[in-house]
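Have a look at the structure below before the remarks.
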Amino acid sequence: PPGNSYTSFLLRPDCAHADAPQIALLGGLAVARAIGEVAPDLPPAQCKWPNDVLIEGNKVCGILVEAASTGTRLDAVIVGIGVNLANHPKVDGVRISDLEALGATVDRDFWLSALAPHLKMLVDLWLSRGFAAVRQIWLDHAAGLNARVIHSEDCRPPLHGTLAGIDDAGALLISDTTGQTHRCVSGSLVLEDVA
């Protein structure tokens with residue numbers, strides 16, 4: 001729909017191919033921080049692992065990361081960030097909104113001028129000090145921390161438990177009902193307790 005922001009950033013990070021998925025977490029964090037800057041009167045934006053941004057449980061942003069490599073060498077990463085500034089789709093069973101509907105009118109050019117520096121700062125920090133340096137910042141913006149969640153992954157039964165956070169590599173940590181912590185590196189997450 002018109003009025004929204006659909007932006008792709010081309011990155012050429014000097015990192016291992018296995019670390020490329022962490023960039024989706026950086027993108028979500030950059031969006032959450034930029035929303036706080038351009039729309040400070042809105043409730044805080046939160047990062048939902050691995051690639052969504054929520055405001056009061058409503059999805060306002062989705063992120064897709066595509067990597068190109070030659071052998072084991074990472075050549076480039078494209079970070080696609082779609083932010084619902086003025087419109088949002090209606091999808092059955094999914095809470096989706098946009099910044100305007102939530103009470104903030106944000107111009108696309110103004111939005112991009114806020115988002116880009118946040119993304120650059122986080123990518124630079126990540127490249128110089130690793131994901132561990134970004135982990136606590138992400139956790140400070142995490143949606144559903146300590147809440148009941150369901151993690152789904154292909155060919156595995158759903159995992160029910162409590163969202164315990166993420167580790168220093170960006171993997172999801174879920175504590176099951178027996179107290180065992182599971183490390184999840186891919187899949188989808190449903191937040192059961194988010195209002």
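The values are calculated or read from the model by the stated rules, or taken from the named source; none is laboratory data. Small disclaimer: the values here were computed from a predicted structure and weren't measured. Virtual Cβ from ideal backbone geometry, glycine too; neighbours counted across all protein chains shown. Each accessible area value is taken on the protein alone, full model and side chains, heavy atoms only, with ligands, DNA and RNA left out. Shrake-Rupley method; radii C 1.70, N 1.55, O 1.52, S 1.80 Å.
Before moving on, here are some points about what is shown:
- Prolate/oblate/rounded label for region 82-195 (Cα gyration tensor, a/c 1.5): oblate
- Prolate/oblate/rounded call for region 143-189, Cα gyration tensor, a/c under 1.5 rounded: rounded
- Total formal charge among the other residues, if their Cβ is under 12 angstrom from that of L74, Lys/Arg +1 and Asp/Glu -1: -2
- With Cα atoms defining each centre, region 98-145 and region 163-177 are spaced 20 Å apart in the structure.
- Estimated FRET transfer efficiency when R0 is 22 angstrom, pair A164-A18 (beta carbons, to 0.05): 0.50
- Shown are I63, I150, whose ranking by accessible area with a 1.4 Å probe and every protein chain present, most to least, is I150, I63.
- Förster radius 30 Å - calculated FRET efficiency between D92 and S128, Cβ distance, rounded to 0.05: 0.10
- Working note: 222 nm ellipticity from helices only, DSSP H runs with n ≥ 4, each -39,500 (n - 2.57), summed and divided by the residues of the chain, gives -8500 deg cm²/dmol to the nearest 500.
- Heavy-atom surface analysis with a 1.4 Å probe gives the chain a carbon and sulfur content of 52 percent of its accessible area.
- For the pair E192 and A147, label points projected 7 Å from Cα toward Cβ lie 1.3 nm apart.
- Counted without the sites themselves, the longest stretch of the chain free of GluC sites (Glu not before Pro) in a DSSP loop having at most 14 other beta carbon atoms within 10 Å is 1-152.
- Ordered from largest to smallest accessible area (heavy atoms of protein chains, 1.4 Å probe), the residues S188, S97, S128 come out as S128, S188, S97.
- Between W126, W138, W49, the residue with the greatest mean-square fluctuation in the GNM of the chain (Cα pairs under 10 Å linked by springs) is W126.
- Annotation: lysines with alpha-carbon distance below 20 angstrom to K48 (same-chain offsets under eight excluded): K59, K90.
- Structure-derived semi-axes √(5λ) of the Cα gyration tensor in Å - corresponding label in (1) 25, 23, 15; (2) 27, 19, 16; (3) 36, 22, 13: (1)
- Other residues with beta-carbon under 12 Å from the beta-carbon of A132 carry, at +1 per Lys or Arg and -1 per Asp or Glu, a net charge of -1.
- Across the chain, Cα pairs under 8 Å and at least six residues apart give a relative contact order of 21 percent.
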